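The values are calculated or read from the model by the stated rules, or taken from the named source; none is laboratory data. As the structure is a computational prediction, the values presented were derived from the model and not from experiment. Glycine also receives a Cβ, built like all others from the backbone with ideal geometry; neighbour counts cover every protein chain displayed. The accessibility values were calculated without ligands, DNA or RNA, using every heavy atom of the protein model including side chains. Shrake-Rupley method; radii C 1.70, N 1.55, O 1.52, S 1.80 Å.
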Amino acid sequence: MRYAVLVTGPAGAGKSTFCNGLITHLQTSKRSGHLVNLDPAANSEAFEYEPSIDIRDLITLEDVMGELGYGPNGGLVYCFEYLLQNMDWLDEELGGYEDDYLIFDCPGQIELYTHHPFLPTLVRHLQRLGIRTCAVYLIESQFMEDKYKFFSGVLSAMSAMVNLEVPWINIMSKMDLVTTNVEDKGSGRNGIRTRKDISRYLEVDPMLLVSAPGSREERTERDSRFHTLNQAIVQLIEENPLVRFLALDLTNPDSIETVLSHIDFVMQYGEDEEPKEPADLDEGDFADME
């Protein structure tokens with residue numbers, strides 16, 4: 001059985017760094033993981049591990065922009081359309097991997113996840129090949145510094161979940177840049193927060209969008225033309241509590257293991273595998289068993 005993890009999220013969320021960290025952790029755990037690069041504009045220096053499968057071997061954004069005169073976004077759309085027209089290339093590339101984790105590093109343009117059909121089509125194709133597939137969606141901890149930015153991230157995650165229709169895990173990355181220690185402000189580039197405050201973001205408390213009653217912020221929001229829209233967003237999240245986040249600190253192996261265990265669980269990793277016999281079963285102490 002093969003397994004595919006689509007690593008998605010906006011630009012700068014730490015997707016490539018997460019892929020590198022996850023592969024390192026898999027190798028440390030004596031498990032095999034292979035990087036699949038789906039970003040035709042990727043910088044090779046961002047990869048700690050050489051991609052086993054690389055869309056740039058099929059098409060690059062630089063070539064599309066140079067030969068067809070497209071801009072970055074239009075060129076990226078063209079690259080994915082070209083990939084979908086040449087899925088036999090991907091099938092051939094995937095053919096040599098069995099019982100492995102295939103970690104797909106996806107581009108940072110969130111419109112590819114929220115309303116374009118490219119990734120849903122790719123997911124259905126992987127499933128037809130018998131590859132169990134899930135997706136993780138990363139936003140970085142800096143989103144907690146601005147409640148409006150945070151909820152835009154929540155809504156984009158919710159939209160991507162509905163669009164892809166696969167087992168899904170949301171991750172709050174770069175949590176090593178958030179500190180709960182007010183005496184060590186330098187370690188918290190993305191803010192100083194109490195553990196209770198952090199939990200409100202990880203569990204997505206929609207009331208974060210509402211200021212305290214009677215406060216100056218509350219009066220300003222009530223008079224704002226966006227007040228009704230904010231109320232509708234709060235109601236939407238309350239009625240559809242689809243999004244919660246796992247905290248990810250790549251400097252902490254236990255944090256990576258927690259994320260990996262959730263990925264294993266949603267894909268039922270290893271449940272259909274047959275026990276493997278030791279290579280030396282017919283030798284030494286096991287010779288009399290035959």
Index of the failed condition, residue 121 passing every other in (1) open to solvent by less than 40 Å² (accessible area, probe 1.4 Å); (2) free of Cβ contacts under 8 Å to residues at least 60 places away in the same chain; (3) hydroxyl-bearing (Ser, Thr, Tyr): (1)
Odd one out for residue 56 among (1) open to solvent by 30 Å² or more (accessible area, probe 1.4 Å); (2) in contact with a Ser or Thr (Cβ under 9 Å, 6 or more places away or on another chain); (3) closer than 26 Å to residue 174 by Cβ: (3)
Unique match (being open to solvent by 10 Å² or more (accessible area, probe 1.4 Å), under 27 Å from residue 149 (Cα atoms) and free of Cβ contacts under 8 Å to residues at least 12 places away in the same chain) among 21, 14, 74, 69: 74
Residues that are farther than 22 Å from residue 264 by Cα and open to solvent by 10 Å² or more (accessible area, probe 1.4 Å), drawn from the range 96-118: 108, 109, 110, 111, 114, 115, 116, 117, 118
Identity of the residue in the range 24-50, at pLDDT below 90 and of a type in the set (Ser, Thr, Tyr), that ends up least open to solvent (accessible area, probe 1.4 Å): 32
Criterion violated by residue 225 - all others in (1) open to solvent by less than 90 Å² (accessible area, probe 1.4 Å); (2) of a type outside the set (A, V, I, L, M, F, W, C); (3) at pLDDT 60 or above; (4) farther than 14 Å from residue 146 by Cα satisfied: (1)
